[in-house]
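K.L.:
Handing you this structure, nothing more for now.
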Amino acid sequence: MTSAELDRVSRIIDSITLSQHNAKTSIVSAEEGRVICEPKRTGVVIMAFGPTSKDVTLFQHDPAWEIWGLNNGYYNATAYDANGVLRADRWFEIHEMHAQPADDLIWMNKCPVPLYVADLNKAREYGAMPNAVQFPRERLQQEIGIGSWWACTFAYQIALAIQEGFTKIALLGMEFGSPREWVMERPNVLWWSAYAAGRGIEVVILKDSTFMEHPYAYGMHYDHEKLWCEMRIDNLMEQWGYARTPEGKDEHDRYQAGLIAALPKNTQ
């Protein structure tokens, strides 16, 4: 991004205001990743970017629910309510800092709600980040007593929701369209969702979601089930192959160059 574009991003983020329906969160210990909400809410919406993210409107005005955003979702209209104010109670940016593009670094430094990061000390090398907190992965594993399968941010979020005692978890916008998302992330989120459900937590999946889609029952509709799976794999392989074409490689190289350009000068 050009300096003018980054300046525009910075001004947009500065203009963001928080919804009156946001939870009253406070950071108890940034180093230990301890955040509290008073009064405690019983449900949490974990937001991705797929089509069903639009249904967040069902939860935005409900005082029983927190809403958790992630990554560059501050660009998405679904992060804001009908009045254009940010309806998000916590944010998650669980990536190594060297992979953060310049606009996301601006967001991380200005994020107005608690912001979970992978490495708090490293994050602070990229700015003050006053609302950043360490994501407490090791503590979660100890307190939950199970789980070391972390293939995506959603897994971290579900585990945190379990540990904090939420009784309802709504998963929105989770379509898992890319090869890595389908092969690695989707099974990971299914596992954590099932584990949450097994602990008595209500896992809310909206009817239009493809997250748990498997339209044919194995053994009952064998040929159709087999064909559906083969078509799904063909689609994934087509996407995977694109990355190995000259066009796909150029796109990947441009992305990498953008990441490198966004790094602070003392790290290049």
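K.L.:
Straight-line reach from LYS110: which lysines have a Cα under 26 Å away, not including same-chain ones fewer than 8 places off?
P.N.:
The qualifying lysines are LYS24, LYS40, LYS54, LYS122, LYS265.
K.L.:
Can you compute the label reach from TYR216? Point 7 Å from Cα along the Cβ direction, backbone N cut-off under 17 Å, restricted to segment 177-201.
P.N.:
Residues passing the 17 Å test: none.
K.L.:
For the chain, build the charge dipole from Cβ charges (+1 Lys, Arg; -1 Asp, Glu) around the Cα centre, then report which of HIS21, TRP228, HIS214 sits farthest towards its positive end.
P.N.:
Comparing the listed Cα positions along the dipole, HIS21 ranks first.
K.L.:
Using a Förster radius of 22 Å, what is the FRET efficiency between ALA82 and ARG8 based on their Cβ-Cβ separation? Nearest 0.05, please.
P.N.:
Efficiency, from the Cβ-Cβ distance: 0.35.
K.L.:
What does the C-alpha gyration tensor say about the overall shape of segment 151-244? Classify as rounded when a/c is under 1.5, otherwise prolate if a/b is larger than b/c, or oblate.
P.N.:
Verdict is oblate for segment 151-244.
K.L.:
Pull up all non-local amide H partners of ARG34: gap of 5 or more, or a different chain, and H-to-H distance under 5 Å with H placed in the peptide plane.
P.N.:
Sorted by chain and number, the residues that satisfy this are VAL28, SER29.
K.L.:
Turning to a different aspect of this structure: So what's the convex hull volume per residue for the Cα atoms of segment 87-183, in Å³?
P.N.:
It comes to 130 Å³ per residue, whole-number rounded.
K.L.:
Next question. Could you give the length gained on full extension between THR17 and LYS40, defined as 0.36 nm per residue of separation minus the Cα-Cα distance, in nm?
P.N.:
6.1 nm
K.L.:
So for segment 59-105, averaging the separation of alpha carbon pairs under 8 Å that are six or more residues apart and normalising by length, what relative contact order in percent results?
P.N.:
That works out to 39 percent.
K.L.:
Using modelled backbone amide H atoms (1.01 Å from N, in-plane), which distant-in-sequence or interchain residues come within less than 5 Å of LEU70's amide H?
P.N.:
PHE92
K.L.:
Tell me, what ³J(HN,Hα) does each residue in segment 89-99 have, in order and in whole Hz, if you take phi through Karplus 6.51 cos²θ - 1.76 cosθ + 1.60 with θ = phi - 60° and put x for Gly and Pro?
P.N.:
Each residue of segment 89-99 in turn: 9, 8, 9, 10, 9, 8, 9, 5, 5, 5, 8 Hz.
K.L.:
Now for a separate question. About its Cα centre, how strong a charge dipole does the chain have in debye, to the nearest 20, once Lys and Arg get +1 and Asp and Glu get -1 at the Cβ?
P.N.:
580 debye
K.L.:
Have a look at THR78, MET108, LEU58 and report the one farthest towards the positive end of the charge dipole of segment 4-161, computed about the Cα centre with Cβ charges (Lys/Arg +1, Asp/Glu -1).
P.N.:
The residue sitting most towards the positive pole is LEU58.
K.L.:
What are the ³J(HN,Hα) values, in whole Hz, obtained from phi via the Karplus relation 6.51 cos²θ - 1.76 cosθ + 1.60 with θ = phi - 60°, for each residue of segment 196-203 in sequence order, with x given for Gly and Pro?
P.N.:
Each residue's phi maps through the Karplus curve to give 4, 4, x, 8, x, 8, 7, 9 Hz.
K.L.:
Let me ask something else. When the chain is modelled as a GNM with alpha-carbon springs shorter than 10 Å, which of GLY177, GLY165, GLY219 fluctuates the most?
P.N.:
In this elastic network of the chain, the residue with the biggest mean-square fluctuation among GLY177, GLY165, GLY219 is GLY219.
K.L.:
So what's the back-of-envelope 222 nm ellipticity for the chain, counting only DSSP H runs of four-plus at -39500 (n - 2.57) apiece and dividing by all residues, rounded to 500?
P.N.:
-11000 deg cm²/dmol
K.L.:
For the chain, which whole-number percentage of the solvent-accessible area (1.4 Å probe, protein heavy atoms only) is attributable to carbon and sulfur atoms?
P.N.:
Taking all protein chains in place, the chain shows 55 percent carbon and sulfur surface.
K.L.:
What nm value, rounded to one decimal, do you get for the distance between GLU138 and MET237 when each label is placed 7 Å out toward the C-beta?
P.N.:
4.4 nm
K.L.:
Now, a different point. Rounded to the nearest whole Å², what accessible area per residue is found for the chain with the 1.4 Å probe?
P.N.:
On a per-residue basis, 53 Å².
K.L.:
Let me ask something else. Per residue of segment 18-23, in order, report the coupling 6.51 cos²θ - 1.76 cosθ + 1.60 (Karplus, θ = phi - 60°) as ³J(HN,Hα) in whole Hz, putting x for Gly and Pro.
P.N.:
Listing the rounded values in order: 8, 5, 5, 8, 4, 5 Hz.
K.L.:
Once you have a ≥ b ≥ c as the square roots of the Cα gyration tensor eigenvalues for segment 13-101, tell me rounded if a/c is under 1.5, and otherwise prolate or oblate according to whether a/b is larger than b/c.
P.N.:
Cα axes put segment 13-101 in the oblate bin.
The values are calculated or read from the model by the stated rules, or taken from the named source; none is laboratory data. These numbers were taken from a predicted model, which means no experiment stands behind them. Here Cβ is always computed from backbone atoms with ideal geometry, including for glycine, and neighbour counts include all displayed protein chains. The accessibility values were calculated without ligands, DNA or RNA, using every heavy atom of the protein model including side chains. Shrake-Rupley method; radii C 1.70, N 1.55, O 1.52, S 1.80 Å.
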